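Derivation of every value follows stated rules applied to the coordinates shown; laboratory data play no part. Given the structure is predicted, the values throughout are model-derived calculations rather than measurements. Note: ideal-geometry Cβ built from the backbone for every residue, glycine included; neighbour counts use all protein chains shown.
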Amino acid sequence: MDIRNIEKAWRYAWMRAIASQLPGPRTTSLPARPLKVLFLRYERIGDMILSSGVIRILSQVSTEKKIDVVGTDLSLAVLENNHYVGKTFVHDRKSWRSYARLAPALRAEKYDVIVDGRINNPQIFTSTPLLMLAAAAPYRVGASSGKSDVVYNVRVKPFDRVTNFIEASKPLTEPFGIVADDHDWRPEIFLTREERSAAEAAWLGPSNRVEQPEDTRLLVNLSVSEKTRRWPDERFVETLRQVRERYPRMPIAVIALPSESASARAVASAINGDYVPTPTVRDVLALVGTSHLVFTPDTSISHMAAAFDKPAVVMLNTDCRAYAPWKNKGEIVFWEGKTIDALPTSAVVGPLLKLRSEFGNYRSGAAKTS
């Protein structure tokens, strides 16, 4: 027998064993009263941004008009200053110590219901059932997908991995009596005045001190979470030089992960832009929130742009259409294959120049200050 099949069988047996100990009936519906809700989304930064609209809408039917959230140390930074969020819990699904630490804290809260925002769970998973067992909530809402039915007792439409992720998350709210069409589902991020002021100052770099600089700011992000989606530096340079030729006085800020600061400096220097260090997630959020236009590969930056309603050009793999930014103003440049290397600059220059032409004067009203 294939060892992978043995592993899958063992993991499924483990998932079923945990699920058999979960409280409440195997299939039920939510009571028609305010409920104390815990929301699970312990993955990447972009995943939490995608879930922020769901959290806001669910807060309207919760006991304290707030939702408690389990996330990672990085992803929870997205929810800082968000008045729809109550308590937050940091979780590392690869650490047994994390489970041991979380278990008593979650059980002490006496949640009525747990909503699993991870609608894209694999067929077999154990992290979520363990957290549900720890919290002992009688109601568990999640997307049905065959094997997951042993975990959830309030099941909603499964994720087809084609529908936009936010659209596919709407069914999570239906058991609460929420009518999806009655709400705005745009992700939401809140900045403090101090964060906004610091970001405004960061835009005043050397390249912006030209005579009569434009008031339209372009933010360029280089970094991605996977190497296969990392567009080469020379392509960024070639593309942005053509933009610079057309708009010589437009402020351009280049950002990247701290580990790629050398690349960001080099690209910024080559196109007469400014490299802006962003050592924390909140630094990145503030810079996106004070930009006007955004250019990025497939990263959390695209979802930040959507949350702040910033027009963007986003380079996205065709297999990831479901994770496209929500109602993006601008254009998504799709690429095929296993790596982005085949995407030429000619496919990106036009959309980027069009972005500046069509949205150069657009000013978002979505940025919130707490």
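In this structure, the amide hydrogen of THR63, modeled 1.01 Å from its nitrogen in the peptide plane, lies closer than 5 angstrom to those of LEU35, LYS36, VAL37, counting only residues at least 5 positions away or on a different chain. Using R0 = 35 Å, the C-beta based FRET efficiency linking LYS87 and THR339 works out to 0.30.
Which of the trypsin sites (Lys or Arg not before Pro) across the range 81-164 are loop residues per DSSP, with 10 or fewer other Cβ within 10 Å? When the trypsin sites (Lys or Arg not before Pro) of the range 81-164 are filtered for loop state and at most 10 Cβ neighbours within 10 Å, LYS94, LYS110 remain.
The fraction of Cα-Cα pairs per 5 angstrom bin, counted from 0 for the range 164-321, comes to 2, 9, 17, 20, 19, 13, 9, 5, 4, 2, 1, 0 percent, rounded to whole percents. For VAL333, the residues 5 or more places off, or on other chains, whose built amide H falls under 5 Å of its own are VAL314, MET315, LEU316. Size descriptor for the chain, Kirkwood hydrodynamic radius: 21.8 Å (Cα pairs only, one decimal).
Summed over all non-identical Cα pairs, the Kirkwood treatment of the range 290-370 gives a radius of 13.0 Å. Sequence-distant contacts, meaning Cα pairs under 8 Å at least 6 residues apart, place the relative contact order of the chain at 16 percent. Excluding the site residues themselves, the longest part of the chain lacking any GluC sites (Glu not before Pro) in a DSSP loop with at most 11 other Cβ atoms within 10 Å is 65-210. Evaluating 6.51 cos²θ - 1.76 cosθ + 1.60 at θ = phi - 60° for every residue in the range 140-153, the Karplus couplings come out as 9, 9, x, 6, 5, 8, x, 5, 6, 5, 6, 9, 8, 10 Hz, glycine and proline recorded as x. Overall size of the range 121-237 from C-alpha positions, given as principal axis extents largest first: 64, 35, 30 Å. Relative contact order of the range 191-369, taken over Cα pairs closer than 8 Å and 6 or more residues apart, is 25 percent. Is the shape of the range 3-182 rounded, prolate or oblate, going by the alpha carbon gyration tensor and its root eigenvalues a ≥ b ≥ c, with a/c under 1.5 for rounded and a/b larger than b/c for prolate? The shape class here is rounded. Based on Cα contacts under 8 Å between residues 6+ apart, the range 34-76 shows a relative contact order of 57 percent.
Among ALA306, ALA264, ALA347, the largest mean-square fluctuation in a Gaussian network model of the chain, built with springs joining Cα atoms closer than 10 Å, belongs to ALA347. Per-residue 3J(HN,Hα) values for the range 281-286, derived from phi via the Karplus relation 6.51 cos²θ - 1.76 cosθ + 1.60 with θ = phi - 60°, read 4, 5, 4, 5, 4, 5 Hz in sequence order (x marks Gly and Pro).
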